[in-house]
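Encoded as structure tokens, the structure appears first; notes follow it.
The values are calculated or read from the model by the stated rules, or taken from the named source; none is laboratory data. The structure displayed is predicted, hence computed values, not measured ones. Cβ placement follows ideal geometry from the backbone for every residue including glycine, while neighbour counts extend to all protein chains displayed.
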Amino acid sequence: MHTDYEGKKNDLLAKNPNIAFEMDCNHELYYRESNMSCNFRYESVVGTGRVEIVLEEEKEKALTLLMNHYHPVSVKFNPKFVHMTQCMKIIVNDMTAKRAMPKKNTLDYKVMQFQGEVRSPHMYEEKNRS
């Protein structure tokens, strides 16, 4: 994680570095006509751990690892901004993962466009025909 040196998050972590975390990805809203149900495909991880401050000499490596997660090309960091950024790491105590990834190859599996409200596939098709 990275953050500024001041703020509510830092104040709370200074008082108690123990945390719970959750991450999820690969979301897809789908509808099955055979049983008239909507659901989500997803993968998730939840766990608990302890936050520790990354030492000054390890910050550039930590920021590089973070950036590499989002972009394949390595970048150089301005030392001024590295010094101004607080980096933290999570020491994981325990975690568990879950996935709901039903097979897509059934005839009645329809991916729905998620726009903040759930619509039946027929309503979506009719809207697009107009």
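Find the residue count for the range 1-20, including only residues that are at pLDDT 95 or above and not in a loop (DSSP other than H, G, I, E, B).
4
What's the number of the only condition in (1) among the hydrophobic types (A, V, I, L, M, F, W, C); (2) at pLDDT below 95; (3) more than 30 Å from Y109 (Cβ to Cβ) that L29 fails to meet?
Only one criterion is unmet by L29, namely (3).
If you scan the range 56-107, which residues turn out to be surrounded by 10 or more Cβ atoms within 10 Å (Cβ to Cβ) and part of a loop (DSSP other than H, G, I, E, B)?
Result: F77, T85, M101, P102, K104, T106.
List pairs: first in the range 104-118 and more than 14 Å from H27 (Cβ to Cβ) and of a type in the set (K, R), second at pLDDT 75 or above and assigned to a loop (DSSP other than H, G, I, E, B), Cβ under 9 Å, 6+ apart or cross-chain?
K110/E33
Taking the residues in the range 1-37 that are aliphatic (A, V, I, L, M) and exposed (fewer than 12 other Cβ atoms within 10 Å of the Cβ) as candidates, determine which candidate is nearest to the chain's Cα centre (by Cα).
Applying the filter and picking the extreme gives M23.
Does any residue in the range 31-44 that is in a loop (DSSP other than H, G, I, E, B) come within less than 7 Å, Cβ to Cβ, of a residue that is surrounded by 15 or more Cβ atoms within 10 Å (Cβ to Cβ) six or more places away or on a different chain, and which pairs are these?
From the range 31-44, no pairs qualify.
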